[in-house]
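Colleague: Below is the structure I would like to discuss, written out as structure tokens.
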Amino acid sequence: MNFIDFQGNERLKTALNSLEQQNRMPHAIIIQGGTEESRDNLSTHLAMWAVCSGDNKPCGECKNCINAKSKAHSDVYYAKGEGKTNSYSKDEINRIIRDASIKPNQADTKVYILSECDRRFSVISQNVFLKTLEEPPQDVLFILTCENSNVFLSTILSRATVFTLENQREVNKELLEIAKEIALGIISKSEIQLLKATYKLSDRETSLETLSYVVLLLRDGLCVSAGAVPETDEDIAHKLCKKLTKAQYLKLIEITQDAQKKVMQNVSLKLIGTWLCAEYRRITWQR
């Protein structure tokens, strides 16, 4: 894949290249992380790739690429929001479903881009969309963008491939330290240490960011257990690695992401903290 005008994100590029070379590009892609601008850039890049008529896709020079880059290609559709929340209605999703069954006009593939799904794609609309993901039409690519893929139903996630953009935001050292306390509390023999750490989840915005750091630390530990180099904190990663199994890592990451969903659903932070402690202890005590 020719990554013109798309910088950084080397891991993501490697994954996309591998899928293209194996002719295994998915019919549905979820782009999470990064900034809204970087998500939009990658969506445009993938749309150009899908409709490109050149050899080294996307070539950036053919008429299809030029039109897709300027968001004026007849086979690239941008979902339209409605109402005060600019959300995707059931009618809009049904329009996309009907249109997806029609052959492309100019290119070999039709592309549908649903951007910023965090605030625009309701559970009701996702359920309407699910049937199409289960039985996708031929020559169609769906691209969905969001800050965090946790907003999607598990049934949607299981039928799409998630790509994560590098987060360009500066690390909040204070929240990272709280995340480290939580990570160490998970493997501590003292339950008080974990309770004290989760008690510091004081408001929704910082709680979401702190829990994101916890996920990163757990993934670092998983990397070390597989012989890879951690990205966030090597010391914490090695300490986790001494105490946790691969299965436990995966369960802990899943529970932490579930906690993030509860935060976004406005569940009481105190209740989330108590529940999270109980779940962490349940997983780490399993042998």
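Colleague: Around VAL123, under 14 Å between beta carbons, what's the net of Lys plus Arg minus Asp minus Glu among the other residues?
Modeller: On the way: positive: LYS90, ARG119, ARG120, LYS261; negative: ASP118.
After counting each charged neighbour, the total is +3.
Colleague: Right, next: What is the distance in Å between the Cα centres of the stretch 102-121 and the stretch 1-74?
Modeller: Spelled out, the Cα-based centre of one part sits 13 Å from the other.
Colleague: For the charge dipole of the stretch 169-287, defined by +1 on Lys and Arg C-beta atoms and -1 on Asp and Glu C-beta atoms about the Cα centroid, which residue among ILE283, GLN265, SER225 has the Cα displaced farthest towards the positive pole?
Modeller: Value computed over the given set: ILE283.
Colleague: In nm, to one decimal, how far is the GLU177 label point from the SER268 one, both placed 7 Å along Cα→Cβ?
Modeller: Output for this residue pair reads 2.9 nm.
Colleague: What accessible area per residue, rounded to a whole number of Å², is obtained for the stretch 138-244 using a probe radius of 1.4 Å? Please list the in-between numbers first.
Modeller: Values: 5690 Å² over 107 residues.
Using a 1.4 Å probe on heavy atoms only, each residue of the stretch 138-244 averages 53 Å².
Colleague: Let me ask another. Provide, for q = 0.07, 0.16 Å⁻¹, the log10 of I(q)/I(0) from a solvent-free Debye sum over equal Cα point scatterers in the chain.
Modeller: Evaluating at q = 0.07, 0.16 Å⁻¹ gives log10 I(q)/I(0) of -0.31, -1.24.
Colleague: While we're looking at this one, here's another question. Using alpha-carbon positions, what is the distance between the centroids of the stretch 153-198 and the stretch 216-273, in Å?
Modeller: Value for the Cα centre distance between the two parts: 5 Å.
Colleague: Next question. If you place +1 on the Cβ of every Lys and Arg, -1 on the Cβ of every Asp and Glu, and leave all else neutral, what size is the dipole of the chain about its Cα centre, to the nearest 20 Debye? If you can, show how the numbers build up before the last one.
Modeller: Working: 38 positive and 37 negative charges, 197 e Å.
The dipole of the chain has a size of about 940 debye.
Colleague: With a probe of 1.4 Å, find how much accessible area the stretch 42-93 has per residue, and write the answer as a whole number in Å².
Modeller: Numbers: 2550 Å² over 52 residues.
Counting only protein heavy atoms, the per-residue value for the stretch 42-93 is 49 Å².
Colleague: FRET efficiency for ASP235 and SER202, Cβ-Cβ distance as r, R0 = 25 Å, nearest 0.05?
Modeller: Numbers: r = 26 Å, r/R0 = 1.02.
According to the calculation, E is roughly 0.45.
Colleague: Could you tell me whether the stretch 157-287 comes out rounded, prolate or oblate from its Cα gyration tensor? Rule is a ≥ b ≥ c as square roots of the eigenvalues, rounded for a/c under 1.5, then prolate if a/b exceeds b/c, otherwise oblate. Walk me through the intermediate numbers first.
Modeller: On the way: a/c = 1.29, a/b = 1.07, b/c = 1.21.
Because its axes are fairly even, with a/c under 1.5, the stretch 157-287 counts as rounded.
Colleague: Give the cross-link partners of LYS103 among the aspartates and glutamates, using a straight C-alpha distance below 12 Å as the criterion and excluding same-chain residues fewer than 8 apart.
Modeller: ASP75, ASP139
Colleague: Lys and Arg at +1, Asp and Glu at -1: add these up for the other residues within a Cβ distance under 14 Å of ASP220 and post the number. Numbers along the way, then the final one.
Modeller: Working: positive: LYS180, ARG219, LYS239, LYS242, LYS243, LYS246; negative: GLU231, ASP233, GLU234, ASP235.
Taking every other residue near ASP220 into account, the sum is +2.
Colleague: Let me ask you something else. Can you give the Kirkwood hydrodynamic radius for the stretch 203-260, in Å, rounded to one decimal and based on Cα pairs?
Modeller: Numbers: mean 1/r = 0.0876 Å⁻¹.
It is 11.4 Å.
The values are calculated or read from the model by the stated rules, or taken from the named source; none is laboratory data. The structure presented is a predicted model; accordingly, all values stated were derived computationally and were not measured. Virtual Cβ from ideal backbone geometry, glycine too; neighbours counted across all protein chains shown. What goes into the accessible areas is simple: the full protein's heavy atoms, side chains included, and nothing from ligands, DNA or RNA. Shrake-Rupley method; radii C 1.70, N 1.55, O 1.52, S 1.80 Å.
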